[in-house]
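Right, one structure below, let's go through it.
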Amino acid sequence: MFNPQFQKLGDILIHENVITQEQLDQALERQSTTKEKLGKLLIRMGMITEADLVKVYALQLGHPAVYEEDLMKVAGTIVNTIPEDFAYENMSIVLGKSESTVVVAMEDPEDLATVDSIEKLTGLKVEVVVAGETALQAAIEYHYGRIRQTDEVDAALSNIQVFSGDEDDSDMVDLSKEGVNEEDAPFVKLVNLILMEAIKERSTDVHVEPQSHVVNVRIRIDGVLQKIMTPPISSLSGITTRIKILSNLDIAERRLPQDGRMSIQMGEREIDVRVSVLPTVHGEKIVMRLLDKGGFNLDLTTLGFHTRELNMFGRWIRQPYGLVVISGPTGSGKSTTLYASLKEIKSEGTNITTVEDPVEYQMDGISQVQMREKIGLTFGSTLRSILRQDPDILLIGEIRDEETADIAIKFALTGHLVFSTVHANDAPSTITRLIDIGVPPFLVGSSLNLVMAQRLVRTICSNCKEEYTPTKEELTRLGMEDAPSQKYYHGRGCVQCRQTGYRGRSGIFEMLEMRQAIRKLVFENANQEVIREKAIEQGMVSLREAGIRKLKDGITTFEEVLRSTVEDF
């Protein structure tokens, strides 16, 4: 009878049909030169996976096996039984604890020195389970990273100031500590904690979503929502009341949508928060949009442009007059690109004015106007006044109606360079969108210089980036089944990227230059498909193709390209 506890590792792998005798012989031959452990050598040669090794190692040594998914589920208070430095040095992590024993995951259960040290540290008897090196590394990074973050958040909570604010208020009162009774204090801390975590993780939005039994709190990081906590449904009233007080909203009104704002002061950083409350069947859902009002520190070279695209875009934003329009959905980076453009071309010799709702970035050297609908400060009224301010360059936050579009185009036709955004799916549909708003085709064709659609794709985390073999389905969905063989990458997941495999974003762009042939089609009121065909014929790169370029460059993944773009027909 085959008893794995009395067998060599290679023989167990053969018995379990993981490798063949021929593969074992090949590995043993190489081992005689490299002197590596057989298991790690087999993984490096691609003959087994780490999970295979853990399973077989557990059979050989008689210890239970655990895998990365289970390692990630442990509570931080349990993990913290042994110090972080010790866990890293000895590649071990605590998974469970009782009055007399502590369960520890280790790569080498026969490392008696480490077992003895843990028993001395904890005063408990050690029960060992087997885990793979990579899984242990990821779990240690994740758990101890979260423990550090929690400590930092607790320390920083005393420094965060949340101000109530209305667009018409110049004096804001700090409500984070004043006027709070003992009963409300936990909700004050909870709301501050939510905001603090969102800011630390570079989040753009916070969603407080009531469900039947819990409240899901999610934050949008690099364009994707991630859950950070699930307080009980009984806490919803306290959370919503606190946020409403800070946003100057009616705490008694729970049947109608409401909009408000607040500001957060963290050291020298000031963050503007736009608050939206929406009644749902389980209670009021709150979405908070975070806008960092600090100085703008990006430029065109860091947004993700390829060299050809950068040269093309740079040429059009330096024209003396005309209209440059950037299109895309909310959160696609349109405003960031426009501000990077202004930063590139601003000088003491030009008068630059922006009209926005809201002002997303503050930049020296330009005049920025914030819309205030309540007092009649609208896009239309402001733009008419700005014409008398002798502007050279004008940025209009968004063209959303016929009046704004008409003024923007008249500016462009009278010797001004105008930047703006439009909500549209791609570059050709942006042209038809302007016409649908009510602008005559001959004015659109005459005024437009460049139309650029853009999206943001998440970039692979540099800390856990590794080579990846795509599936046949992924290659087929992107039309790359016949593409030459090359290397692709993805992120394994680590504490720095919250186990997502992504950190940061990069732009992909579809640029439609208004050359003579395109202008002629616009004058003739051609549909967007005809315009698209002519633009591609003249060299326009579609959003899908731009995403594939980023994929081939090892910047992003198949998943991101498929998520952010649609198939070209």
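Using the basic label-point model (7 angstrom from Cα toward the beta carbon), what is the GLN211 to ARG254 distance in nanometres?
It works out to 2.1 nm between the two label points.
What is the antiparallel percent of DSSP beta bridges lying wholly in the stretch 341-450, to the nearest 5?
Of all bridge pairs located within the stretch 341-450, approximately 10 percent are antiparallel.
Return the label of the correct value of volume of the Cα convex hull per residue in Å³, as calculated from the structure shown, out of (1) 170; (2) 212; (3) 191.
Here the calculated entry is (2).
Hey, can you find the accessible area per residue of the chain for me, probe 1.4 Å, expressed in square angstrom?
49
Quote to one decimal, in nm, the extra length available between GLN21 and ALA517 on full extension: 0.36 nm per residue of separation minus the C-alpha distance between them. Numbers along the way, then the final one.
Values: separation 496, 0.36 × 496 = 178.56 nm, distance 6.76 nm.
The span from GLN21 to ALA517 would gain 171.8 nm if fully extended.
How far is it, in nm, from the label point at ALA75 to the one at LYS37 when both lie 7 Å from their Cα along the line to the Cβ?
About 3.1 nm, to one decimal.
Classify the stretch 310-392 from the C-alpha gyration tensor, please: rounded if a/c falls under 1.5, else prolate or oblate depending on whether a/b exceeds b/c. Each step should come with its number before you reach the end.
On the way: a/c = 1.83, a/b = 1.29, b/c = 1.42.
Cα axes put the stretch 310-392 in the oblate bin.
Using the alpha-carbon atoms, what tilt in degrees (0 to 90, nearest 10) does helix 427-437 show relative to the longest principal axis of the chain?
Value to nearest ten degrees: 40.
Sequence neighbours fewer than 8 away in the same chain don't count; with that in mind, list the lysines whose C-alpha is under 17 Å from LYS40.
Those lysines meeting the cut-off are LYS8, LYS55.
Could you tell me how many degrees, from 0 to 90 and to the nearest 10, lie between the Cα long axis of helix 185-200 and the main elongation axis, the longest principal axis, of the Cα atoms of the chain?
Taking Cα atoms only, the helix is inclined about 80 degrees.
Taking Cα atoms, how many degrees apart are the long axis of helix 543-552 and the longest axis of the chain, rounded to 10 and kept between 0 and 90?
Roughly 30 degrees, rounded to the nearest 10.
Just how large is the dipole of the chain about the Cα centre, in debye to the nearest 20, putting +1 at every Lys and Arg Cβ and -1 at every Asp and Glu Cβ?
1160
By how many nm would the segment from THR122 to ARG372 grow when fully extended, if each residue of separation counts as 0.36 nm and the alpha-carbon distance is taken off?
Length gained, THR122 through ARG372: 83.9 nm.
Out of the stretch 489-524, which GluC sites (Glu not before Pro) are coil in DSSP terms and have no more than 14 other C-beta atoms within 10 Å?
Here the GluC sites (Glu not before Pro) that fit, given the DSSP loop and packing criteria, are GLU524.
Within the chain, what whole-number % of the accessible surface is contributed by carbon and sulfur, with the 1.4 Å probe and all protein chains included in the calculation?
48
At 0.36 nm per residue, and after removing the present C-alpha to C-alpha distance, how many nm does the segment from THR230 to LYS8 gain when stretched out fully?
Stretched fully, the THR230-LYS8 segment lengthens by 75.2 nm.
Which residues does a label at LEU413 reach in the stretch 506-546, if reach means a backbone N under 19 Å from a point 7 Å past the Cα toward the Cβ?
Counting only backbone N, you get 514-516, 518-526.
For PHE442, what accessible area in Å² do you get when you roll a 1.4 Å probe over the heavy atoms of the protein chains, rounding to the nearest 10?
Here the residue's solvent-accessible area equals roughly 120 Å².
I need the trypsin sites (Lys or Arg not before Pro) found in the stretch 429-523, filtered to DSSP loop residues with at most 11 other beta carbons within 10 Å of theirs.
Listed in order of number, the matching sites are LYS487.
Just to be sure I understand the model, the point goes 7 Å from the Cα along the line to the Cβ. What's the resulting GLU201 to TYR88 distance in nm?
Label-label distance for GLU201 and TYR88, simple model: 2.3 nm.
Step through the table entries LYS227/LYS334; LYS465/LYS534; LYS120/LYS200, compare each Cα-Cα distance with 29 Å, and write down the pairs that go over it.
With Cα atoms farther than 29 Å apart: LYS465/LYS534; LYS120/LYS200.
The values are calculated or read from the model by the stated rules, or taken from the named source; none is laboratory data. Just so we're clear, the structure is a prediction, and the values are computed from it rather than from any experiment. As a convention, Cβ positions derive from the backbone with ideal geometry for all residues, glycine included, and neighbour counts pool all protein chains shown. Heavy atoms of the whole protein, side chains included, go into the accessibility calculation; ligands, DNA and RNA do not. Shrake-Rupley method; radii C 1.70, N 1.55, O 1.52, S 1.80 Å.
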